1. Within region 20-38, does at least one residue satisfy the condition of being at pLDDT 70 or above and open to solvent by 80 Å² or more (accessible area, probe 1.4 Å)?
2. Looking at (1) over 22 Å from TRP177 (Cβ atoms); (2) modelled with pLDDT under 85; (3) not basic (Lys, Arg), which one does GLN43 not meet, given that it meets all the others?
3. Considering LEU81, LEU68, which residue is at pLDDT 75 or above and more than 28 Å from ARG163 (Cα to Cα)?
4. Restricting region 135-155 to residues that are of a type in the set (Val, Ile, Thr) and open to solvent by 50 Å² or more (accessible area, probe 1.4 Å), which is modelled with the highest pLDDT?
5. Would you say GLY86 is farther than 21 Å from ILE16 by Cα, at pLDDT 80 or above and not aromatic (Phe, Trp, Tyr)?
6. Taking LEU114 and the conditions (1) under 16 Å from the mean Cα position of the chain (by Cα); (2) among the aliphatic types (A, V, I, L, M); (3) at pLDDT below 70, which numbered condition does it fall short on, given that it satisfies the others?
7. Pull up region 171-229, narrow it to residues that are in contact with a helix residue (DSSP H, G or I) (Cβ under 8 Å, 6 or more places away or on another chain) and among the hydroxyl-bearing types (Ser, Thr, Tyr), then point me to the one that is surrounded by the most Cβ atoms within 10 Å (Cβ to Cβ).
Amino acid sequence: MEFLSTSDFWIDLLKIIWINIILSGDNAVVIALAARSLPAEQQRKAVMFGSGAAVVLRIVLTVVAAKLLELSFLQVIGGVLLLWIGYQLLTSEEEDDDGHKGTSTMMAAIRTILIADLVMSLDNVIAVAASAHGNMVLLVLGLAISIPLVIFGSTLMIKLMGRFPVIITLGAALIGWVGGETIVNDNLVHGYTMAHPWLHYVAAAAGAVLVVGLGKFVQARRQGAEAQV
């Protein structure tokens with residue numbers, strides 16, 4: 001445990017915490033979108049379990065992320081999954097029989113959180129692993145400290161979504177944006193994307209537009225059908 005007394009350890013720990021603060025924003029949005037339709041008690045549990053499991057998942061991913069990112073089509077599949085999740089979260093605001101918003105269960109919300117975080121974390125964990133310099137104690141400690149950051153961000157986002165529904169649309173657009181980015185970052189097209197940097201932004205914007213556009217279209221169709229009943 002001598003490394004605990006070195007300045008390099010604490011500097012690297014601060015780097016990891018800072019990286020997680022920066023990268024936890026999109027994860028907080030996903031957690032908030034997935035949990036917002038649950039009753040208050042289940043919301044808290046979904047945020048706690050989802051955040052904790054997501055951080056543990058990042059620790060596991062750190063060991064294999066570099067190899068995974070070398071596989072062709074993996075990020076294409078992951079990006080498409082994110083587009084689907086963004087669409088699902090945007091269109092899951094139906095009224096159930098009891099008048100509560102949404103049809104999600106707590107386990108379904110946690111599953112959505114984990115799938116989205118799995119895809120969104122592939123690139124992120126590489127930055128964390130680089131700062132840890134192979135020190136697993138440093139890595140685990142830094143990510144564990146990030147849990148309350150994600151929980152706080154998710155709880156805040158849920159409250160804001162209740163007061164400002166437009167944030168739900170913006171959150172879905174963010175997931176679509178990351179989905180588009182993920183697709184063009186795939187090893188299969190990475191060289192072409194690097195040669196044409198504009199494609200990165202076009203794909204990201206297209207993902208956001210696709211999720212929001214399709215989601216709003218389906219919502220309008222549902223509302224029109226309900227109005228005719």
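1. no
2. Condition (2) is where GLN43 drops out.
3. LEU81
4. Within region 135-155, the match that is modelled with the highest pLDDT is THR155.
5. Against the criterion (farther than 21 Å from ILE16 by Cα, at pLDDT 80 or above and not aromatic (Phe, Trp, Tyr)), GLY86 qualifies.
6. (3)
7. Across region 171-229, the extreme among qualifying residues is THR182.
The values are calculated or read from the model by the stated rules, or taken from the named source; none is laboratory data. Model, not experiment: these values are computed from the prediction. As a convention, Cβ positions derive from the backbone with ideal geometry for all residues, glycine included, and neighbour counts pool all protein chains shown. All accessible areas refer to the heavy atoms of the entire protein, side chains included, with ligands and DNA or RNA removed. Shrake-Rupley method; radii C 1.70, N 1.55, O 1.52, S 1.80 Å.
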